[in-house]
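The structure under discussion appears below in the form of structure tokens.
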Amino acid sequence: MFYELTDRQEKLLELVVRHHIETGLPTGSKMLVEQFDLGVSSATVRNEFSVLTELGYVMQLHTSAGRVPTEQGYRYFVQKLLGEFHLPMDEQQMIRHQFHQARLDLDQWIRLAAAILARTSLGASFVTPPRPSANRFKHLQLISTQGRLVLMIVVLYGGEVKQQMLTLAEPMTQAQLSVAADHVNALFANATADEVRARMGSLDALERDVAVLVHETLVRADARPISDIYRDGLINIVEDASTRQAVRFLEERTLLATMLSETQTEERGVQVVIGGEGRWEELKDCSIILSRYGVVDEFSGTVAVIGPTRMSYGRNVAAVRYVANLMSGFVYEYYLEELPITTMQENEVRE
């Protein structure tokens, strides 16, 4: 929630934020009047500064100092005043060329994305591999081994394979097992855990036992936390007193996974988390710019940069957006060939 500002107040807030980002210094009323054609006196600017201070958008470190933006001031700037920003074309072409020179390997693309974002932002970066929002069943095999023991191989979309031994009530031939597997494969094709549970009603004893194990496999896969997180540029923030604590945050996978799950449950596009949003103490002097890539709500990962609150938001938002779009194209073209994707999702990725 923001207090609405007049056009003049917005202009002054924008100037305060941009000046502080560029210099790290407070902004004084006299400097603004002298350097910008505001059409008002220093006294008028000071009065407006008083209003912005009361509303929580700027603060005065001591009585005779100018103003610096607060976290709320940065949020207002990012959401209402930042405007559209794109990386220069030569920089876009260089980044695109680096990706095209890399092997068509997801791990290499993720590492490259982290390195490019760290270099472009002069901060730290992290990238998570794409993963399904809800795992889906692809197919299974039932293989007779000895006596009543059967090897069950479950394959999920995205390539995950699980093996488990199943003990039958009575021995069955391989032909009987194959018939049961074919029935289960047809019934649960592309099903989520909830859909598997809802379709169990008409199965015989063996097929139901198999379906229960398939359901448990999907539930475990859905509950598994993010484990692989690629990071780069930590040296850029560990040397800055205002961002040093963020290094611990990036190294604590549980904290980072929690932040990602809480900030990106329903959001699309680029997000900006300023000052930890009152929830993460380690980020109180930092901002994180992040975006999902891939097929959002189906199969996606996250790219992000982290730096001081007075970072270059326009440039970093543009960099995160551009890299996320490149990664989405890679995932769609080379990693999701077998995944069932709706026409709407196809259009979303290609945009």
Could you say whether any residue in the stretch 139-156 is at pLDDT below 90 and closer than 30 Å to VAL295 by Cβ? yes
All but one of (1) crowded, with 17+ Cβ neighbours inside 10 Å; (2) out of contact with any Lys or Arg (no Cβ under 7 Å at 6 or more places or on another chain); (3) assigned by TED's automatic domain parsing to the domain that holds GLU252; (4) in contact (Cβ under 8 Å) with a residue 24 or more places away in the chain hold for LEU106, so report the exception by its number. (1)
If we keep only residues of the stretch 134-182 that are touching a Lys or Arg at 6+ places or on another chain (Cβ under 6 Å) and without any contact (Cβ under 8 Å) to a residue 60 or more places away in the chain, then the residue farthest from ALA193 (Cα to Cα) is PRO171
Is it the case, given these coordinates, that LEU106 is within 26 Å of ASN316 (Cβ to Cβ) and at pLDDT 95 or above? no
Could you tell me whether THR27 is surrounded by 15 or more Cβ atoms within 10 Å (Cβ to Cβ) and touching a His at 6+ places or on another chain (Cβ under 7 Å)? yes
Listed by first then second residue, the pairs whose first member lies in the stretch 192-203 and is on the phi < 0 side of the Ramachandran plot, whose partner is in a loop (DSSP other than H, G, I, E, B) and among the basic types (Lys, Arg), with beta carbons under 8 Å and at least 6 positions apart or on separate chains, are THR192/ARG136
Could you list, in sequence order, the residues of the stretch 134-183 that are hydroxyl-bearing (Ser, Thr, Tyr) and within 27 Å of GLU298 (Cα to Cα)? TYR157
Which is in contact (Cβ under 8 Å) with a residue 60 or more places away in the chain and on the phi > 0 side of the Ramachandran plot, of GLY83, GLY73, GLY39, GLY56? GLY83
Quickly run through the stretch 294-316 and pick out the residues that are in contact with a Cys (Cβ under 9 Å, 6 or more places away or on another chain) and either in a loop (DSSP other than H, G, I, E, B) or farther than 15 Å from SER242 by Cα (or both). THR309, MET311
Which one of SER242, SER291, SER287, SER261 is part of a helix (DSSP H, G or I), closer than 25 Å to GLU71 by Cβ and of a type in the set (Ser, Thr, Tyr)? SER261
Of the residues that make up the stretch 121-136, is at least one small (Gly, Ala, Ser), under 30 Å from ARG310 (Cβ atoms), at pLDDT 90 or above and assigned to a strand (DSSP E or B)? yes
Is it true that some residue in the stretch 218-231 is touching a residue at least 24 places away in the same chain (Cβ under 8 Å), farther than 30 Å from PHE137 by Cβ and either part of a loop (DSSP other than H, G, I, E, B) or assigned by TED's automatic domain parsing to the domain that holds TYR322 (or both)? yes
Got at least one residue in the stretch 173-195 being more than 33 Å from the chain's Cα centre (by Cα), β-branched (Val, Ile, Thr) and not in a helix (DSSP H, G or I)? yes
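The values are calculated or read from the model by the stated rules, or taken from the named source; none is laboratory data. Values in this document were obtained by computation on a predicted structure and should not be read as measured data. Glycine also receives a Cβ, built like all others from the backbone with ideal geometry; neighbour counts cover every protein chain displayed.
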